[in-house]
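Data first, discussion second: the structure below is written as structure tokens.
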Amino acid sequence: MSLRNALLFFAIFGLLGAGAITYYIVKTSEEPVKPLPPIKLPGSGKATTSQDAAVVIKKKGSLLDFLFPFSPPPATAPGQPSSYTKPPSSRPTPPESVWEKQSYGYKIPAGQATYPVNNTYDTNLTGPTEEIRESLRSQQEASPYAGLIVMSRPITSSYQNVASADGEYLSITSRIIAGAKPVPITGWQIKSVVTGASAKIGKGAYLAYPGQLNPESEIFLSPGGRAVVATGRSPIGVSFRLNKCTGYFAQYQTFTPTLPEQCPALQEESLPKAPNALDDRCLDYIDRLPICRTHGKLPIYLKPECTTYIAERTNYNFCVSAHKNDPDFYLNEWRIYLNRDDRLWKNRRETIKLIDNEGKTVTAVSY
């Protein structure tokens, strides 16, 4: 064999060997196309199969990968644009126009994916944040009477025993608002958020008489009305509405706060006419009498008709009988008693809620 033929033989053999090596490298750097599971793409009403969106995945680390870096295009459904942008985070965010609010996430319209929502993203998306949810919960807990009723912080008389319920009270006031109606408060609960102590408002006597069993009914607060809610027990045995004669109760009983004394004065009553008219000494004595007091023991210089007249007309029963039909007889205030022996409310660091019959908050006070 000549030198020329030998060189030609080795050149042909080298070319065949290089081709075989190149073919082997290419084959080993590819994987067969695997069927992809059906996926839904935005704007597509059907699932796209692997025949519609198949890609060849390169093995990393091969010689061709190093020489010719390759990034596969995204799967594209028929009729869809082929542009591709990598999402900024692990959870892609669809366009804002397709979001629909829900209580705990966002619902995507039919044919599109649904992405979970967590607190990290709530502040950046248009969904409800935790603060808004809390506000909604507060509104759901609010009573329909919220805004109509005002409650004061409790007051405790300093001269009372520290543990005794006597002298502890708070007030509930109905605001004067155009179109407001009387508010029923029987059954409402007053509760300490701090200690959990609570008590319910019961019924009361619309027209109370001391020393007897009084019929009780539901308590209503008229606009501008006030209810003094005392922790202790009623001195007359019942919760009651004030009237212009209830000042007589305070002569022999202690009320906290004190009862208003607005009893009609005896000199304003109709006087007997002649010939049984009262003499001047009797009339002078009547002019000096204090209101809202009974007078059993009278000066001996007064005539019998004078003492009888005074004794019969200076008491609660006569006052009610003579004035219960007056348009201003009833006062716009109730005295309500919770009938407890021990105090309910803390002196400081306390929060008290007023809760209606539906378990919703009417108002609250913190101090």
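The values are calculated or read from the model by the stated rules, or taken from the named source; none is laboratory data. The structure presented is a predicted model; accordingly, all values stated were derived computationally and were not measured. Because the Cβ atoms are built from the backbone with ideal geometry, glycine has one as well, and the counts that use them run over all protein chains shown.
Summary table below
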read-out	value
Yes/no for VAL228 being β-branched (Val, Ile, Thr) and crowded, with 18+ Cβ neighbours inside 10 Å	yes
Residue check, TYR169 assigned by TED's automatic domain parsing to the domain that holds ARG343, in a strand (DSSP E or B), buried (at least 16 other Cβ atoms within 10 Å of the Cβ) and modelled with pLDDT of 95 or more	yes
Failed item, numbered, when CYS319 is tested on (1) out of contact with any His (no Cβ under 8 Å at 6 or more places or on another chain); (2) surrounded by 12 or more Cβ atoms within 10 Å (Cβ to Cβ); (3) free of Cβ contacts under 8 Å to residues at least 24 places away in the same chain	(3)
Conditions (1) out of contact with any Cys (no Cβ under 9 Å at 6 or more places or on another chain); (2) exposed (fewer than 15 other Cβ atoms within 10 Å of the Cβ); (3) assigned to a helix (DSSP H, G or I): number failed by ALA311	(2)
Pairs where the first residue, in region 162-183, is closer than 14 Å to THR258 by Cα and the second is among the aromatic types (Phe, Trp, Tyr) and part of a loop (DSSP other than H, G, I, E, B), C-beta under 7 Å, 6+ apart	GLU168/TRP345
Looking only at region 346-367, and only at residues there that are in contact (Cβ under 8 Å) with a residue 40 or more places away in the chain and among the basic types (Lys, Arg), the one that is surrounded by the fewest Cβ atoms within 10 Å (Cβ to Cβ)	ARG349
Count - residues of region 261-280 that are modelled with pLDDT of 95 or more and surrounded by fewer than 15 Cβ atoms within 10 Å (Cβ to Cβ)	1
Residue among TYR145, TYR209 that alone is in contact (Cβ under 8 Å) with a residue 40 or more places away in the chain, surrounded by 13 or more Cβ atoms within 10 Å (Cβ to Cβ) and within 29 Å of CYS319 (Cβ to Cβ)	TYR209
Candidates TYR316, TYR285, TYR301, TYR309, filtered to the one that is aromatic (Phe, Trp, Tyr), touching a helix residue (DSSP H, G or I) at 6+ places or on another chain (Cβ under 6 Å) and at negative phi	TYR316
Criterion (closer than 30 Å to SER157 by Cα, buried (at least 17 other Cβ atoms within 10 Å of the Cβ) and within 60 Å of the chain's Cα centre (by Cα)) met by exactly one of ARG293, ARG343	ARG343
Residues located in region 276-305, provided they are charged (D, E, K, R), assigned to a loop (DSSP other than H, G, I, E, B) and either out of contact with any Asp or Glu (no Cβ under 7 Å at 6 or more places or on another chain) or not assigned by TED's automatic domain parsing to the domain that holds CYS263 (or both)	ASP279, ARG288, ARG293, LYS297
